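I have placed the structure first, in the form of structure tokens, so that the comments after it can refer back to it.
The values are calculated or read from the model by the stated rules, or taken from the named source; none is laboratory data. Computed from a predicted model, the values in this text were never measured in an experiment. Heads up, the Cβs are rebuilt from the backbone with ideal geometry, glycines too, and the neighbour counts pull from every protein chain shown. Surface accessibility is based on the protein's heavy atoms, side chains included, excluding ligands, DNA and RNA. Shrake-Rupley method; radii C 1.70, N 1.55, O 1.52, S 1.80 Å.
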Amino acid sequence: MAKKDYYEVLGVNKDASADEIKKAFRKAAIEHHPDRGGDEANFKEINEAYEVLKDSSKRQRYDQFGHAGVGGNGGGGSPFEGFGGFGGQGGQNVNFDFGDLGLGDIFNSFFGGGQTGQRQRQNRGRDVEARLDITFEEAVFGTESEINLNLEDSCSHCKGTTAEPGYDLKTCETCKGSGQVVTAMRTVFGNIQQAAVCPTCKGTGKVPEKICSVCRGSGTEKRRQAVKLKIPAGIDDGSTIRLREHGEAIANGPKGDLYVNIRVKPHKKFTREGNIILSEEHIGMVQAALGAEIEVDTVDGPVTMKVPAGTQSGTDFKLSSHGVPHMKSEARGPHIVTITVDTPTKLTKEQKELLEQFANQPKKRGLF
């Protein structure tokens, strides 16, 4: 089967910027992560697409030659073609992680000297995703916030051990403490051993002598939690902040992670492009012709700005260091003010006469 287009996998256009590709990858990776119930094949496809498109040289080769330009087989030929050590020239070394499917043991048996042990994944709690709305100013200057969530937390009675207080954990009789159960599978290549997580102890190798009377052996209980979050100055709309081990708990294992999606509320006057703040100011025709000093609103408060004589509508003026802070430095971008010259629609008789007199005067080069 032919491989999907990498841009289609990430859901971006072919002219997408590096930042747009990065944001699309983060969103897709969170959505399809196997630990959050996503499809493992889709997750690997997303990673593969990002590894190519984030690299400018690989992306250029891919745009010119397609999958063939970055070592892909395009769905044809041997399934091992293009992989280091399995035929094909100039192939890439690819590391496979087959999780709990048992396929890792089969590959180890074929190519790893008959090894049958599978690296056991560490049990961890479920990752959680939340949304936080902040104001335009909070995004510019940073802030501290608090999110209230109902999450599975460690049982307050057994502290997550699953055992009634006063009782210990004992070795699981099903897996004899290994955390895995091994079964034999007969194939055309011979008998292959396949390992899976022990269904009794869930891979821990231990079970309680007496089950906790509160959580009934789950090790967790639902609890409302207040999570404090520091928003860095300069954060942009659509960014995601990861808080390690602030997700849901699991018995005898670390908590999952909390992913907070930041949404910046629109401002009634300002817009943003990267580290630049944009706004518009209206002035009268006479102010534009003669020049003036006007008061301009910025995120830092009102600023006096000089508009020179003869300013045309659509002219941009730059206010340095009144924009958004750079995430990796203390420097700030500019604030760009676009001037719009308003033409009067209602004139008095005297105003019309003055304008007519002006219009009838001999025109000089360089004036309007």
The relative contact order of region 202-316, taking Cα pairs under 8 Å that sit 6 or more residues apart, comes to a percentage of 14
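Which loop trypsin sites (Lys or Arg not before Pro) in region 278-358, with loop taken from DSSP, have no more than 16 other Cβ atoms within 10 angstrom of their Cβ? Please list the in-between numbers first.
Values: sites: Lys306, Lys318, Lys328, Arg332, Lys346, Lys349, Lys352; in loops: Lys328, Lys346.
Counting only loop positions with at most 16 other Cβ atoms within 10 Å, the trypsin sites (Lys or Arg not before Pro) in region 278-358 are Lys328, Lys346.
Express the accessible area of region 220-368 per residue in Å², computed with a 1.4 Å probe while the remaining protein chains stay in the model. Working shown, then result.
Details: 9670 Å² over 149 residues.
Each residue of region 220-368 exposes 65 Å² on average to a 1.4 Å probe.
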Under 12 Å from the Cα of Lys159 - aspartates and glutamates, other chains or at least 8 residues apart: Glu221
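Students often get this wrong, so check it: of Lys58/Lys255; Lys58/Lys265; Lys170/Lys255; Lys44/Lys170; Lys27/Lys255; Lys230/Lys255, which have C-alpha atoms separated by over 29 Å? Walk me through the numbers on the way to the answer.
Values: Lys58/Lys255 37 Å; Lys58/Lys265 36 Å; Lys170/Lys255 23 Å; Lys44/Lys170 38 Å; Lys27/Lys255 21 Å; Lys230/Lys255 20 Å.
Among Lys58/Lys255; Lys58/Lys265; Lys170/Lys255; Lys44/Lys170; Lys27/Lys255; Lys230/Lys255, the Cα-Cα distance tops 29 Å for Lys58/Lys255; Lys58/Lys265; Lys44/Lys170.
In whole percent, and with a 1.4 Å probe on the protein chains, what portion of the accessible area of region 130-204 is carbon and sulfur? Intermediate values should be presented prior to the final figure.
Values: 2110 of 4370 Å².
Carbon and sulfur: 48 percent of the exposed surface of region 130-204.
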Would you please name the GluC sites (Glu not before Pro) within region 234-279 that are DSSP coil residues with at most 12 other C-beta atoms within 10 Å of their C-beta? Glu245
Whole-percent carbon and sulfur share, accessible surface of region 265-368, 1.4 Å: 53
Low-density loop cleavage sites - trypsin sites (Lys or Arg not before Pro) in region 140-204, where at most 13 other Cβ are within 10 Å (DSSP): Lys159, Lys176
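Cα-Cα over 30 Å: which of Lys4/Lys268; Lys23/Lys228; Lys3/Lys23; Lys269/Lys328? Mind showing how you got there, number by number?
Working: Lys4/Lys268 42 Å; Lys23/Lys228 24 Å; Lys3/Lys23 22 Å; Lys269/Lys328 27 Å.
Beyond 30 Å: Lys4/Lys268.
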